[in-house]
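Shown next, in C-alpha coordinates, is the structure this report addresses.
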Amino acid sequence: LFLTNCKAQNSDFKSYLDNFGITNIPLVIRDCQSYHSVFNQRYDSIFHETYKEIPENLVTKYIFTNGFCNSDSGYFRYDYGVKIALSSDFISVLVSKLQYEGDSEWNFDLGETLLITYNNKGKILSRLSLTKDNDRWQSCLKITKQGITVRQIKITEPKIDQYHRDLRCEYWTTTYQIATDGIIKTIDTSPVSIGIVIWDKVNEEYILKE
(Lines give C-alpha, C1' and ligand atoms only; values in the text may rest on other atoms or scores of the structure.)
Protein backbone atom coordinates (compact mmCIF):
# COMPACT_ATOMS: atom_id res chain seq x y z
CA LEU A 1 0.00 0.00 0.00
CA PHE A 2 1.16 3.53 -0.74
CA LEU A 3 1.37 6.10 2.03
CA THR A 4 -0.87 8.42 0.02
CA ASN A 5 -3.78 7.66 2.35
CA CYS A 6 -1.94 8.80 5.45
CA LYS A 7 -3.59 11.78 7.14
CA ALA A 8 -0.21 13.33 7.88
CA GLN A 9 0.45 13.79 4.17
CA ASN A 10 0.13 17.40 3.01
CA SER A 11 -2.38 18.20 0.27
CA ASP A 12 0.25 19.73 -2.06
CA PHE A 13 2.33 16.56 -1.99
CA LYS A 14 -0.77 14.38 -2.46
CA SER A 15 -1.74 16.46 -5.50
CA TYR A 16 1.78 15.97 -6.90
CA LEU A 17 1.57 12.19 -6.38
CA ASP A 18 -1.89 11.98 -7.96
CA ASN A 19 -0.32 12.86 -11.33
CA PHE A 20 1.79 9.70 -11.35
CA GLY A 21 0.53 6.48 -12.84
CA ILE A 22 0.50 3.23 -10.88
CA THR A 23 2.39 0.17 -12.06
CA ASN A 24 2.86 -3.42 -11.06
CA ILE A 25 6.20 -5.03 -10.40
CA PRO A 26 8.30 -6.50 -11.77
CA LEU A 27 8.68 -3.45 -14.01
CA VAL A 28 10.96 -3.60 -17.06
CA ILE A 29 11.91 -0.65 -19.28
CA ARG A 30 13.99 -1.97 -22.16
CA ASP A 31 12.80 -0.14 -25.30
CA CYS A 32 10.81 2.84 -26.55
CA GLN A 33 7.47 1.10 -26.15
CA SER A 34 8.01 0.13 -22.52
CA TYR A 35 9.48 3.58 -21.79
CA HIS A 36 6.40 5.36 -23.17
CA SER A 37 4.06 3.09 -21.22
CA VAL A 38 5.68 4.40 -18.02
CA PHE A 39 6.23 8.06 -18.87
CA ASN A 40 3.27 8.91 -21.13
CA GLN A 41 0.88 9.88 -18.33
CA ARG A 42 -1.33 12.37 -20.19
CA TYR A 43 -4.00 11.79 -22.80
CA ASP A 44 -4.24 14.23 -25.67
CA SER A 45 -7.04 14.08 -28.24
CA ILE A 46 -4.53 14.77 -31.02
CA PHE A 47 -1.42 12.90 -29.92
CA HIS A 48 -3.27 10.42 -27.66
CA GLU A 49 -0.96 9.27 -24.86
CA THR A 50 1.84 11.75 -24.33
CA TYR A 51 4.17 13.03 -21.62
CA LYS A 52 2.92 15.01 -18.63
CA GLU A 53 5.46 17.65 -17.65
CA ILE A 54 6.05 18.43 -13.98
CA PRO A 55 5.69 22.20 -13.33
CA GLU A 56 8.87 24.05 -12.38
CA ASN A 57 7.62 24.97 -8.90
CA LEU A 58 7.01 21.28 -8.12
CA VAL A 59 10.37 20.30 -9.59
CA THR A 60 12.01 22.75 -7.21
CA LYS A 61 10.01 21.40 -4.30
CA TYR A 62 9.90 17.65 -4.89
CA ILE A 63 12.69 16.83 -7.33
CA PHE A 64 15.10 19.08 -5.46
CA THR A 65 17.59 19.84 -8.18
CA ASN A 66 19.71 22.88 -8.88
CA GLY A 67 19.79 24.52 -12.30
CA PHE A 68 16.33 23.66 -13.61
CA CYS A 69 16.95 26.01 -16.52
CA ASN A 70 20.68 26.41 -17.01
CA SER A 71 21.77 28.24 -20.16
CA ASP A 72 25.25 26.67 -19.94
CA SER A 73 24.08 23.05 -19.87
CA GLY A 74 20.77 23.20 -21.65
CA TYR A 75 17.13 23.10 -20.67
CA PHE A 76 15.80 20.32 -18.50
CA ARG A 77 12.28 18.91 -18.58
CA TYR A 78 10.88 16.58 -15.95
CA ASP A 79 7.91 14.30 -16.65
CA TYR A 80 5.65 12.28 -14.37
CA GLY A 81 6.18 8.54 -14.43
CA VAL A 82 4.75 5.95 -12.08
CA LYS A 83 4.45 5.18 -8.38
CA ILE A 84 5.99 1.84 -7.42
CA ALA A 85 4.65 -0.21 -4.51
CA LEU A 86 7.96 -1.34 -3.03
CA SER A 87 7.25 -0.70 0.65
CA SER A 88 4.63 0.69 3.03
CA ASP A 89 7.41 2.58 4.86
CA PHE A 90 8.12 5.08 2.07
CA ILE A 91 6.82 6.30 -1.30
CA SER A 92 8.82 5.61 -4.46
CA VAL A 93 8.34 7.14 -7.91
CA LEU A 94 10.02 7.15 -11.30
CA VAL A 95 10.57 10.53 -12.99
CA SER A 96 11.85 11.20 -16.50
CA LYS A 97 14.50 13.89 -16.87
CA LEU A 98 15.25 15.22 -20.35
CA GLN A 99 18.01 17.63 -21.27
CA TYR A 100 17.45 19.58 -24.46
CA GLU A 101 20.59 20.23 -26.49
CA GLY A 102 23.88 19.88 -24.57
CA ASP A 103 27.55 20.67 -25.01
CA SER A 104 28.60 17.28 -26.46
CA GLU A 105 27.09 14.21 -28.09
CA TRP A 106 27.31 12.47 -24.71
CA ASN A 107 24.70 14.75 -23.10
CA PHE A 108 22.86 16.07 -26.17
CA ASP A 109 19.11 15.38 -25.75
CA LEU A 110 20.03 13.14 -22.83
CA GLY A 111 17.21 11.26 -21.13
CA GLU A 112 17.56 9.96 -17.57
CA THR A 113 15.29 7.88 -15.38
CA LEU A 114 15.24 9.12 -11.80
CA LEU A 115 14.17 7.02 -8.83
CA ILE A 116 13.04 9.12 -5.86
CA THR A 117 11.85 7.99 -2.45
CA TYR A 118 9.85 10.21 -0.07
CA ASN A 119 8.43 10.04 3.41
CA ASN A 120 4.69 10.63 3.76
CA LYS A 121 5.18 14.40 4.15
CA GLY A 122 7.03 14.79 0.86
CA LYS A 123 10.58 14.95 2.20
CA ILE A 124 13.07 13.37 -0.17
CA LEU A 125 14.74 10.37 1.43
CA SER A 126 16.89 9.40 -1.53
CA ARG A 127 17.26 10.24 -5.22
CA LEU A 128 19.29 8.55 -7.93
CA SER A 129 19.66 8.76 -11.69
CA LEU A 130 19.38 5.13 -12.74
CA THR A 131 19.76 5.28 -16.53
CA LYS A 132 21.02 7.36 -19.46
CA ASP A 133 19.63 7.28 -22.99
CA ASN A 134 20.40 9.16 -26.20
CA ASP A 135 22.41 8.42 -29.36
CA ARG A 136 25.43 7.49 -27.22
CA TRP A 137 23.71 5.80 -24.27
CA GLN A 138 21.16 2.98 -23.97
CA SER A 139 19.75 1.25 -20.95
CA CYS A 140 17.59 -1.59 -19.68
CA LEU A 141 15.97 -1.17 -16.26
CA LYS A 142 14.29 -3.88 -14.16
CA ILE A 143 12.64 -3.25 -10.79
CA THR A 144 11.47 -6.07 -8.53
CA LYS A 145 10.70 -6.46 -4.83
CA GLN A 146 14.18 -7.89 -4.39
CA GLY A 147 16.09 -5.08 -6.05
CA ILE A 148 16.84 -2.93 -9.08
CA THR A 149 19.02 -3.95 -12.03
CA VAL A 150 20.31 -1.56 -14.70
CA ARG A 151 22.26 -2.57 -17.79
CA GLN A 152 23.88 0.53 -19.22
CA ILE A 153 25.30 0.60 -22.74
CA LYS A 154 27.81 3.20 -23.91
CA ILE A 155 28.27 3.53 -27.68
CA THR A 156 32.02 3.85 -28.17
CA GLU A 157 32.07 3.99 -31.98
CA PRO A 158 34.42 6.94 -32.70
CA LYS A 159 32.05 8.50 -35.21
CA ILE A 160 28.40 7.75 -35.83
CA ASP A 161 28.30 8.91 -39.44
CA GLN A 162 25.42 6.71 -40.51
CA TYR A 163 22.66 4.94 -38.67
CA HIS A 164 21.43 1.34 -38.96
CA ARG A 165 24.93 -0.13 -39.05
CA ASP A 166 26.63 -2.12 -36.29
CA LEU A 167 28.27 0.04 -33.62
CA ARG A 168 30.90 -0.85 -31.04
CA CYS A 169 29.95 -0.41 -27.41
CA GLU A 170 30.76 -1.04 -23.77
CA TYR A 171 28.19 -2.25 -21.27
CA TRP A 172 27.91 -3.09 -17.59
CA THR A 173 25.25 -3.98 -15.04
CA THR A 174 24.60 -2.26 -11.71
CA THR A 175 22.32 -3.57 -8.98
CA TYR A 176 20.66 -1.45 -6.30
CA GLN A 177 18.49 -2.03 -3.28
CA ILE A 178 16.30 0.32 -1.27
CA ALA A 179 16.81 -0.03 2.48
CA THR A 180 13.89 0.00 4.91
CA ASP A 181 14.58 3.71 5.56
CA GLY A 182 14.10 4.51 1.85
CA ILE A 183 17.79 5.05 1.04
CA ILE A 184 18.84 3.76 -2.38
CA LYS A 185 22.12 1.85 -2.16
CA THR A 186 24.45 0.50 -4.83
CA ILE A 187 25.02 -3.21 -4.22
CA ASP A 188 27.25 -4.24 -7.09
CA THR A 189 28.61 -3.12 -10.47
CA SER A 190 29.85 -5.68 -12.97
CA PRO A 191 33.10 -5.36 -14.92
CA VAL A 192 32.79 -3.49 -18.22
CA SER A 193 32.25 -5.75 -21.24
CA ILE A 194 32.92 -5.00 -24.91
CA GLY A 195 30.15 -5.62 -27.42
CA ILE A 196 28.22 -4.49 -30.48
CA VAL A 197 24.78 -2.96 -30.89
CA ILE A 198 22.80 -3.87 -34.01
CA TRP A 199 19.80 -2.24 -35.65
CA ASP A 200 16.46 -3.87 -34.83
CA LYS A 201 14.36 -3.40 -37.98
CA VAL A 202 11.13 -4.39 -36.22
CA ASN A 203 11.29 -1.90 -33.34
CA GLU A 204 13.52 0.55 -35.25
CA GLU A 205 16.13 0.98 -32.53
CA TYR A 206 19.52 -0.37 -31.54
CA ILE A 207 19.81 -3.47 -29.36
CA LEU A 208 22.77 -5.25 -27.84
CA LYS A 209 23.95 -8.24 -29.86
CA GLU A 210 23.80 -11.13 -27.38
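The values are calculated or read from the model by the stated rules, or taken from the named source; none is laboratory data. What you see is a predicted model; the values in this text were computed from it and never measured. Every residue, glycine among them, receives a Cβ derived from its backbone with ideal geometry; neighbour counts consider all protein chains shown. Heavy atoms of the whole protein, side chains included, go into the accessibility calculation; ligands, DNA and RNA do not. Shrake-Rupley method; radii C 1.70, N 1.55, O 1.52, S 1.80 Å.
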**Asked** Within the range 167-192, whose backbone N sits under 18 Å from a point 7 Å along Cα→Cβ of T144?
**Response** 173-179, 185-190
**Request:** Enumerate by residue number the chymotrypsin sites (Phe, Trp or Tyr not before Pro) in the range 76-170 meeting two conditions: DSSP loop (anything except H, G, I, E, B), and at most 12 other Cβ atoms within 10 Å of the site's Cβ.
**Result:** Y163
**Complete:** Taking Cα atoms only, Rg over Rh for the chain with Rh from the Kirkwood formula is 0.97
**Note, ³J(HN,Hα) from phi for the range 92-100, Karplus 6.51, -1.76, 1.60, rounded to Hz, x at Gly and Pro** = 10, 9, 9, 10, 8, 10, 10, 9, 7
**Fill in**
Two pseudo-spin positions, 7 Å from Cα along C-beta at E210 and at K61, lie apart in nanometres by 4.5 nm
**Request:** Between beta-carbons, use under 12 Å as the cut-off and find the net charge around F13, counting Lys and Arg +1, Asp and Glu -1.
**Result:** +2
**Request:** Determine the relative contact order of the range 112-210: mean sequence separation of Cα pairs under 8 Å and six or more apart, normalised by residue count, in whole percent.
**Result:** 19 percent
**Request:** Amide H neighbours of A85 under 5 Å, at least 5 residues apart or on other chains, H built in the peptide plane: list them.
**Result:** T23
**Local net charge near L128, Cβ-Cβ under 13 Å (Lys/Arg +1, Asp/Glu -1)** = +3
**Only Lys, Arg (+1) and Asp, Glu (-1) charged, at Cβ; the chain dipole about Cα centre in debye** = 840 debye
**Complete:** Taking protein heavy atoms only, a 1.4 Å probe, and rounding to whole percent, the accessible area of the chain owed to carbon and sulfur comes out at 49 percent
**Message:** Please give me, ordered by residue number, the GluC sites (Glu not before Pro) of the range 90-198 that lie in loop per DSSP and have at most 15 other Cβ atoms within 10 Å.
**Reply:** E101, E105
**Prompt:** Cβ under 10 Å from I155's Cβ, I155 left aside: what net charge do those residues give with Lys, Arg +1 and Asp, Glu -1?
**Reply:** -1
**Request:** Check cross-link reach from K154 to the lysines: straight Cα distance under 19 Å, and skip same-chain residues fewer than eight apart.
**Result:** K97, K132, K142, K209
**Complete:** For the range 64-186, the per residue accessible area (1.4 Å probe, Å²) is 48 Å²
**Item:** Estimated 222 nm signal from helices in the chain, with DSSP H stretches of n ≥ 4 weighted -39500 (n - 2.57), rounded to 500
**Value:** -2000 deg cm²/dmol
